[in-house]
Amino acid sequence: MSDESTRAAPADVRLDGGEEAAARLRAARSVLALTGAGVSAESGVPTFRGPEGLWREFRPEHLATPEAFARDPKLVWEWYAWRRESVAACRPNAAHRALAALDAALPSFLLATQNVDGLHALAGSRRMVELHGSLWRLRCTGCGTVADDRRASFPELPPRCPCGALWRPDIVWFGEPLPATALERAFAAAREADVVLVVGTSSLVYPAAALPYTAQSAGAYVIEVNPEPTPLSGHADVSLRGRAALLLPALVGRGAEALP
Ligand code: BJW
Ligand code: ZN
């Protein structure tokens with residue numbers, strides 16, 4: 001999927017309420033970025049909620065829970081096989097690249113993503129935790145082996161580990177705990193951050209949604225980037241209304257000029 005329409009932010013792009021945000025980012029020593037499905041929307045990856053969301057067609061409790069997998073692993077795997085195939089054709093957009101540039105420029109930085117699509121890593125982000133797992137990893141329900149897997153298709157669905165038990169996607173479903181080390185790193189970064197960038201998330205799913213509040217309580221300046229208001233909007237120090245692939249390059253570009 002091309003991102004030509006979003007490759008360059010116009011030089012005169014207006015960041016309503018963004019001057020202060022850019023200045024805070026320019027002055028920041030330690031930044032936490034929290035991203036959600038909206039950051040990949042302009043790469044062609046569907047979001048979960050909203051008019052075009054994945055869950056307009058599929059009920060989450062039918063597919064994204066351990067109970068659903070126990071009831072019908074083939075159905076759940078068909079959904080994931082379809083998503084792997086469609087996401088494999090998607091490429092990072094200007095928002096992913098802007099966050100990779102911040103990673104490269106700042107002394108202290110962490111990207112905590114809720115996304116499972118792998119596009120941040122493809123864009124070059126390095127200091128990153130995947131809070132909800134990855135579409136590109138499998139976990140054995142028997143022996144617990146975790147394996148990277150980018151196969152375009154599987155010989156049979158549901159796929160099986162060499163030990164004979166079923167593979168499941170290494171993704172955090174509702175009611176399951178988030179990976180402990182990733183979560184600890186994210187909350188530690190939230191407590192240390194001068195600035196938190198919250199991009200493309202509905203801020204509904206916990207515990208990830210708690211990160212900006214933790215950071216703000218510890219003194220951080222919170223910048224939200226989202227075309228729609230969310231439950232965080234009234235609490236963020238500034239809420240920039242617009243598409244991530246347009247606003248982030250402008251915000252980070254201005255901030256990046258003076259970064260050490
Ligand atoms: C753009 C844009 C553009 C569009 N540019 N923006 C407290 C209160 C109530 C409930 C709970 C609570 N704490 C925990 C819970 C339960 C639950 C939860 O949060 N439920 C809420 C929904 C109420 N949480 C959990 O169950 C978590 N586990 C847990 O808490 O475990 C506790 C435990 C401890 C110890 C032992 C056992 C248990 C797990 C949560 C797992 C979330 N997993 C999912 C799906 C996985 C399936 C899959 O991917 O295959 O992860 S849910 C789904 O939502 C996915 C996402 O990562 C996550 C967040 O969604 P996101 O990214 O915000 O996407 P959208 O679609 O919601 O929003 C997109 C946004 O982008 C919108 O705002 C658009 O406007 C915007 N946008 N275009 C910028 N171009
Ligand atoms: Zn196994």
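What follows is calculated from the coordinates using simple rules that are stated; it is not laboratory data. Keep in mind that this is a model prediction, so the values were computed, not measured. All Cβ positions, even for glycine, are placed from backbone atoms using ideal geometry, and neighbour counts span all protein chains on display.
Observations on the structure shown:
- Alpha-carbon Debye profile of the chain, log10 I(q)/I(0) at 0.10, 0.17 Å⁻¹: -0.49, -1.31
- Highest average packing first - 112-120, 19-27, Cβ atoms within 10 Å: 112-120, 19-27
- At an R0 of 25 angstrom, the distance between the Cβ atoms of ALA210 and THR65 translates into a FRET efficiency of 0.75.
- Part-to-part distance (alpha-carbon centres) for segment 22-87 and segment 183-246, which is given in Å: 17
- Using alpha-carbon coordinates, inclination of helix 180-192 to the longest axis of the chain, degrees: 10
- Computed E for THR145/ARG241 - FRET, C-beta separation, R0 41 angstrom, nearest 0.05: 0.40
- Cα-based helix-to-principal-axis angle, 73-88 vs the chain, degrees rounded to 10: 40
- Cα gyration tensor category, rounded, prolate or oblate, for segment 148-260 with a/c compared to 1.5: prolate
- Protection proxy ranking for 92-104, 126-138, 178-190, using the average of other Cβ atoms within 10 Å per residue and placing the highest first: 92-104, 126-138, 178-190.
- When only alpha carbons are used to place a centre, segment 148-179 and segment 117-135 end up 18 Å from one another.
- Mean shadow area of segment 43-184 over all directions, Cα convex hull, nm²: 9.2
- Sorted peptide list for 48-57, 194-203, criterion being average Cβ within 10 angstrom, highest first: 194-203, 48-57
- Spin-label model distance (nm) - GLU184 vs PHE154, 7 Å beyond Cα toward Cβ: 3.1
- Rounded to 10°, Cα long-axis angle of helix 18-27 versus longest principal axis of the chain: 90
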